[in-house]
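See structure below.
The values are calculated or read from the model by the stated rules, or taken from the named source; none is laboratory data. From a predicted model like this one, the values you see are computed outputs, not experimental measurements. All Cβ positions, glycine included, derive from the backbone under ideal geometry; neighbour counts span all protein chains shown.
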């Protein structure tokens, strides 16, 4: 089935640094979403993108829907310790009424 | 605001035992989903229900059955548990399709 390649797999950064992660696919998506999962909890929606080229921010988080519709990017500026968690991208293929999830990026932030 | 409630939170089963994971949502959502999460594998869809009375297989349905009991409840059953089914199971719901899935807090299942 369709797969999403999410990178990097993990990141270890210092507090205050900026973070970038991305998701790519070999086929197009109609919707891209970014979720965050904290330990012992389910994923929580951070940002949803619905149009190619769309750039959306949520506080220190900024995500973009790639022009080719085959990729998406998430940036976190000035990271803080509570940014720790696993970040998942998810995409909705055309004519499919469910999401496909990436394998996640595990983020660790050191003070 | 309960959202999506999953029970139990933790479970240990012996190989061959059966059990049902329960999921209920109070947001009047139409669609419900069961995922499993394994290290390095992300979230993989087991079964989903686009509306009350319908269910469809996802990516990894073997060894599982589901029941959409009503609009609120969607249960996942393991008839004969196997060690390969050791995982964290998440239930999710959405109003329609992929717009804003809401996830439960998960059930951590260990099969020994």
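Before moving on, here are some points about what is shown:
- The stretch B:87-112, residues that are without any contact (Cβ under 8 Å) to a residue 24 or more places away in the chain and either on the phi < 0 side of the Ramachandran plot or not in a loop (DSSP other than H, G, I, E, B) (or both): B:98, B:99
- Which listed residue is assigned to a strand (DSSP E or B) and more than 11 Å from every other protein chain (Cβ to nearest Cβ), from B:84, B:75, B:80: B:75
- Scan of the stretch A:3-55 for residues that are touching a residue at least 60 places away in the same chain (Cβ under 8 Å), closer than 14 Å to residue A:83 by Cα and surrounded by fewer than 20 Cβ atoms within 10 Å (Cβ to Cβ), ordered by number: A:10, A:11, A:12, A:13, A:14, A:15, A:16, A:17, A:18
- Failed item in (1) within 23 Å of residue A:35 (Cβ to Cβ); (2) at pLDDT 95 or above; (3) out of contact with any strand residue (DSSP E or B) (no Cβ under 6 Å at 6 or more places or on another chain), with residue B:24 passing the rest: (3)
- The stretch A:3-28, residues that are within 12 Å of residue A:100 (Cβ to Cβ) and within 10 Å of another protein chain (Cβ to nearest Cβ): A:3, A:4, A:6
- In the stretch B:41-69, of all residues being outside any loop (DSSP other than H, G, I, E, B) and free of Cβ contacts under 8 Å to residues at least 24 places away in the same chain, the one that is nearest to the other protein chains (Cβ to nearest Cβ) corresponds to B:42.
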